[in-house]
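Structure, as structure tokens:
Throughout, read-outs are computed from the coordinates displayed, never taken from laboratory work. This is a predicted model, so every value here is computed, not measured. Here the Cβ positions follow ideal geometry from the backbone for every residue, glycine too, while neighbour counts run over all protein chains shown.
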């Protein structure tokens, strides 16, 4: 059978790599750079920004292994090895931070991650174009509201002094409750407010994936007598599964990266038992307490945990035969 054009080009390239002299290959690279130099030049500012703001500051992790003093600087402070890490694992806060951080991350994945997928599937099943657009617009809007405003609204709704929720509770014969002072209400409020804020914006990616599905698959399913639920189960979900898996890998990798700004706004000494996580502890110890080495060590530990979870999630995705990051 005669080779295709792609196979011929591949064979020619392989032959060139084997037979061409170093000078010839150098000329080929020079010709390539002359043809694409403008594109690489356009990428230089972005690369420089990444290097300057993402990689250069990374030398600061050295203070996690030092007894850092701002007067002596990074290269003048004495080295203490893993002393800061040992101090954290021996602290009374270690168990509470691990428990709260992982539990909050797992609950976020369990409830917040599927929410945009379900919304995208429901929007895809709507036949009224006008109603679909209105629903999409309403669901997108909370994403663009500041976290400070969202928590402010939530506190106004739940306040014991004329809040809507407590007013309804009093009408039903219940006593008013201070939700933000009760530790057991912190996690439900955090999860529910997060779903409300991000469900619409998060569904955009899945709607885009659904729009790329071949309509002929649905037409064939209808001819075979498949119901709407069977079409979702056997066509829509399998076709967007690669997108779901990639997003799930990112979500698992960020399981310890809770939204600390939102937690700080919701946090109080009364609910520390459930709201205190790694990020808030680092803020309290590093920014407020001035323990720079100690807080950097804790933050470095969370980064290592995130990388481990990311690698494990990627490995499981590859073993399951699904799409993976690498």
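Tabulated data
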| read-out | value |
| --- | --- |
| Pairwise FRET efficiency - residue 103 versus residue 307, Cβ, R0 = 25 Å, nearest 0.05 | 0.75 |
| Cα gyration tensor, the stretch 184-326 - rounded (a/c under 1.5), prolate or oblate | prolate |
| GNM result for the chain, Cα springs below 10 Å: residue of 313, 120, 38 fluctuating most strongly | 38 |
| Normalised contact order of the stretch 173-314, rounded percent, pairs of Cα under 8 Å and 6 or more residues apart | 31 |
| Cα-based shape type of the stretch 209-249, given that a ≥ b ≥ c are square roots of the gyration tensor eigenvalues and the cut on a/c is 1.5 | prolate |
| Cα shape, the stretch 99-236, gyration tensor, a/c 1.5 rule | prolate |
| Matching label, mean projected area of the Cα convex hull in nm² computed from the structure shown, candidates (1) 29.0; (2) 17.0; (3) 20.7 | (1) |
| Proxy reagent accessibility, fewest Cβ within 10 Å first, across 196, 229 | 229, 196 |
| Spatial separation of Cα centroids for the stretch 59-87 and the stretch 141-180, in angstrom | 44 |
| The chain: calculated mean residue ellipticity at 222 nm from DSSP helix runs of at least 4, using -39500 (n - 2.57) | -20500 deg cm²/dmol |
